[in-house]
Amino acid sequence: MQAGTIPKSIQARKWDLSGLQGISDATLETHFGLYEGYVKNVNLLFERLADLRETDKAQGSNPQYAELVRRLGFEYNGVRLHEQYFDNMTRQPQDVRSGKLHDALGASYGGFEQWKKDFMAVAGMRGIGWAIAYYDLANRSVTNMWINEHQNGNLAGALPLVVLDVWEHAFIKDYKPSEKAKYIEAFFANVDWKACEGRIPA
Ligand SMILES: [Fe+2]
């Protein structure tokens, strides 16, 4: 293989989140397995793309190449969003009544509770995807977004502060499909606000 065509690879991470409120260990175990599947698929795509580059088939007119590149956006975000989701939950949730995160969320929505109400509304949207509070470095404001699947709706140049997985696999072992609101409440009982705040740059 030529220099420059060596496939990149990413490593799956581990979390110890057993004992969360309202999100069972069984759900987490299934979810970690799904996450590892995304890691595996990203690495597979890196390999296949490197192979195509090595054989000069990395052409925009090659539908196989184009499809693999598009799939990379889905699988790669599937990895990173899950990492951010697991990273922003804890067995020891803290209060969030002051501080940089509280102020940033409140400044954009007229108060923390108003931000939370809007975030829950976004999370309650029909479909499979994510609710994410994005922090735009360009104007230091927060915008709650719906991410369809993993790749559609992410704000360019903005940092995810609070990341909630609202695919059904995130809650279907614990709640009925019609009870997504209960899962969203459970998520808020486990948010690691310090981790979220740590995502805001100085
Ligand atoms: Fe998920």
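Quick look at the values:
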quantity	calculated
Potential lengthening between residue 189 and residue 156 on full extension [0.36 nm per residue; Cα-Cα distance subtracted]	9.0 nm
Length added when fully stretched, residue 169-residue 140, from 0.36 nm per residue minus Cα-Cα	7.2 nm
Length released on extending from residue 51 to residue 92, taking residue separation times 0.36 nm less the Cα-Cα span	10.2 nm
5 angstrom amide H check on residue 141, placed H, neighbours 5+ away	136
Accessible area (Å², per residue) of the stretch 1-119, counting only protein heavy atoms and a probe of 1.4 Å	57
Within the stretch 100-197: Cβ-based charge dipole about Cα centre, in debye rounded to nearest 20 (Lys, Arg +1; Asp, Glu -1)	100
Distance histogram in 10 Å bins (all Cα pairs of the stretch 1-97, percent per bin)	14, 36, 24, 15, 9, 1
Choice from 103, 192, 95 with maximal GNM fluctuation in the chain (Cα, 10 Å cutoff)	95
Size of the stretch 100-197 as Cα extents on the principal axes (Å, biggest first)	39, 26, 22
Overall dimensions of the chain by Cα: Rg and Dmax, Å	18.5, 57
Rounded percent of accessible protein surface that carbon and sulfur make up, the chain, 1.4 Å probe	50
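The values are calculated or read from the model by the stated rules, or taken from the named source; none is laboratory data. From a predicted model like this one, the values you see are computed outputs, not experimental measurements. Glycine gets a Cβ as well: all are built from the backbone with ideal geometry, and neighbour counts include every protein chain shown. Note: accessible area is taken over every heavy atom of the protein model, side chains too, but ligands, DNA and RNA are not part of it. Shrake-Rupley method; radii C 1.70, N 1.55, O 1.52, S 1.80 Å.
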